[in-house]
Amino acid sequence: VQNPFGIIGMILLCETNTLYVSTLSGSDRQHERGAVYAIDISAKKIIDKITATDAMGLGITYAAGKRQLFFGTGRSSDIFSVALNRKGKFTGSPKKEFSLLGLGPYGDDKVRRIRTDQYGNLIMHGMSFDFNLIPQREKKETLYNFYYDAESKKWILKL
């Protein structure tokens with residue numbers, strides 16, 4: 001059975017008028033077939049995409065001299081980034097930045113949502129995700145705040 005989910009994450013980069021959308025469509029337990037699309041809103045067309053990734057939670061920030069799209073996946077606690085060029089297209093392949101593994105109440109949180117504050121810090125909304133459509137009665141969500149340390153060139157969890 002294919003995954004019934006359509007759009008999972010969405011974020012707009014105002015400077016380029018680019019909408020980033022993630023989908024899990026086509027994925028199943030064994031195969032990661034989702035994608036992240038970059039859509040030029042003015043032209044009403046897809047200008048770029050990342051395939052074979054089940055991205056959940058999208059966020060954009062400017063750190064280390066570059067604009068980046070961040071996302072988590074439903075398959076791991078890892079957080080990935082991909083740099084964006086001036087036109088909003090992806091430059092290079094996604095790379096792992098850090099992980100939520102071992103953090104939170106169960107140590108297996110996945111990113112549900114990513115937002116940034118006025119300083120470019122990443123605020124992650126993490127929760128347990130078990131690939132089912134059963135609604136949770138009690139939504140257990142943990143907030144994680146990461147800042148970029150220019151000296152070590154790493155994202156650090158703010159305690």
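The values are calculated or read from the model by the stated rules, or taken from the named source; none is laboratory data. Remember, it's a predicted structure, so these values are computed and weren't measured experimentally. For neighbour counting, all protein chains shown are included, and Cβ atoms are generated from backbone atoms with ideal geometry for every residue, glycine included. Ligands, DNA and RNA are excluded from the accessible area calculation, which covers all protein heavy atoms including side chains. Shrake-Rupley method; radii C 1.70, N 1.55, O 1.52, S 1.80 Å.
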Original post:
With springs only between Cα atoms under 10 Å, which of Gly74, Gly107, Gly126 fluctuates most in a Gaussian network model of the chain?
Top reply: Gly107
**OP:** Please state, as a whole number in µm²/s, the translational diffusion coefficient that the Stokes-Einstein equation yields for the chain at 20 °C and 1.002 mPa s, with Rh defined as the Kirkwood radius across alpha carbon pairs.
**Re:** 133 µm²/s
**OP:** With the full set of protein chains in place, find how many percent of the accessible area of segment 63-118 is carbon and sulfur; take the probe as 1.4 Å.
**Re:** 44 percent
Subject >> Over 30 Å (Cα to Cα) - which of Lys89/Lys140; Lys96/Lys158; Lys95/Lys140; Lys89/Lys154 fall in this group >> reply: Lys89/Lys140
Subject >> 5 angstrom amide H check on Gly26, placed H, neighbours 5+ away >> reply: Asn3
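Over the chain, what is the relative contact order in percent, taking alpha-carbon pairs closer than 8 angstrom and at least six residues apart? Before the final figure, lay out each step's value.
On the way: 389 pairs, mean separation 22.6, N = 159.
Result for the chain is 14 percent.
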**OP:** State in Å² the accessible area per residue of the chain; use a 1.4 Å probe, count heavy atoms of protein chains only, and round to the nearest integer.
**Re:** 58 Å²
Original post:
So for the pair Gln118, Glu97, with labels modelled 7 Å out along Cα→Cβ, what separation do we get in nm?
Top reply: 2.1 nm
Original post:
So if we plug the beta-carbon distance of Leu143 and Ile47 into 1/(1 + (r/R0)^6) with R0 = 35 Å, what FRET efficiency do we get, rounded to 0.05?
Top reply: 0.60
**OP:** Quote to one decimal, in nm, the extra length available between His31 and Tyr106 on full extension: 0.36 nm per residue of separation minus the C-alpha distance between them.
**Re:** 24.5 nm
**OP:** Please turn the phi angles of segment 65-74 into ³J(HN,Hα) values with the Karplus equation 6.51 cos²θ - 1.76 cosθ + 1.60 (θ = phi - 60°), one per residue in order, whole Hz, x for glycine and proline.
**Re:** x, 8, 7, 9, 9, 10, 7, x, 10, x
